[in-house]
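The values are calculated or read from the model by the stated rules, or taken from the named source; none is laboratory data. The structure displayed is predicted, hence computed values, not measured ones. A quick note on method: Cβ atoms are made from the backbone with ideal geometry, for glycine too, and the neighbour counts reach across all protein chains shown. For accessibility, only protein heavy atoms count, side chains too; no ligands or nucleic acids. Shrake-Rupley method; radii C 1.70, N 1.55, O 1.52, S 1.80 Å.
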Amino acid sequence: MRKPVIAANWKLNKTIAEAQAFIQDFKPLVENISNVEIIVCPVFTALAAASESAKNSNIAIGAQDIFWKDNGAYTGEVSAPLLKDAGAQYVIIGHSERRGRFGVPEADLEGDAGKVFGDTDASVNAKIKAALAHDLIPIICVGETLDEREADRTDSVIEAQVKAALDGVEGVEKTIFAYEPVWAIGTGKTCDSAEAGRVCGFIRSVIGNVTNQEISDAVRIQYGGSVKAENAAELLSHPDIDGALVGGASLKAETFAPIVEAAFR
Ligand code: PGA
């Protein structure tokens, strides 16, 4: 049995004080939930304060990105040892918003400025290796754009992303994958649970092909994209969906807690 894992991706939201207030409000709502891994991913600047607030609770802290070198002349980057120093145990890697949402620069960023969202399959792979080398659990995001889905390329895109992510990776059984169809993120459009489950099962089979069945049976696979209290139970009832990566609905304790409860089996 894989332990369900529910993660809050706060994206670019919440000050230190707001992160602390969320955790104080959220703790009593989930304190009796024992067999669900609960993760909150604040911005870098709130990591240390959030992990201090979550001490002695069943809430773990994750970061939203990582750089693959430990230290050196890499202005502006944050490495695995520093994330651990700030209390993180998990890290989201290769979110579509970091790979370059919709494959193009943000509309309000002129010219080369869009390259700031520059994750590629190769950087995702390097980040996964760096996380695992320091006992940080990577939450590896994969997903197709709307154009790719409409061109019937969903499975080939996902397969290529999973294979590239895991190239040369040791310790795959510790990783968490998140299937996040790009067209369902922040749009209110959820992938229907049968299709979300099918793709999560497909991801598991690709993991099995590049490792073995014992490992692919152990990997947790989340669904992400407009998950909310109303659709969480149905999505999580699919045997290949082991959790959720939640954006918008994770920003308030009272909307995130019911999603965690839906995973409590
Ligand atoms: P959403 O975001 O729940 O707001 O759609 C999910 C994600 O980007 O991880």
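Scanning region 247-265 for residues that are at pLDDT 95 or above, more than 17 Å from the chain's Cα centre (by Cα) and either buried (at least 17 other Cβ atoms within 10 Å of the Cβ) or farther than 13 Å from Asn231 by Cβ (or both) returns Lys252, Ala253, Glu254, Ala257, Glu261, Ala262.
Name the single residue that is most open to solvent (accessible area, probe 1.4 Å) among those in region 50-81 being of a type in the set (Ser, Thr, Tyr) and out of contact with any Asp or Glu (no Cβ under 9 Å at 6 or more places or on another chain).
Initially, region 50-81 is screened for residues of a type in the set (Ser, Thr, Tyr), giving 51, 53, 57, 74-75, 79.
So of that shortlist, the ones also out of contact with any Asp or Glu (no Cβ under 9 Å at 6 or more places or on another chain) come out as 51, 53, 74-75.
Working: Ser51: 23, Ser53: 16, Tyr74: 93, Thr75: 142 Å².
The selected residue is Thr75.
The set of residues in region 219-247 being more than 20 Å from Ile176 (Cβ to Cβ) and within 10 Å of the ligand (Cβ to nearest atom) consists of Lys228 alone.
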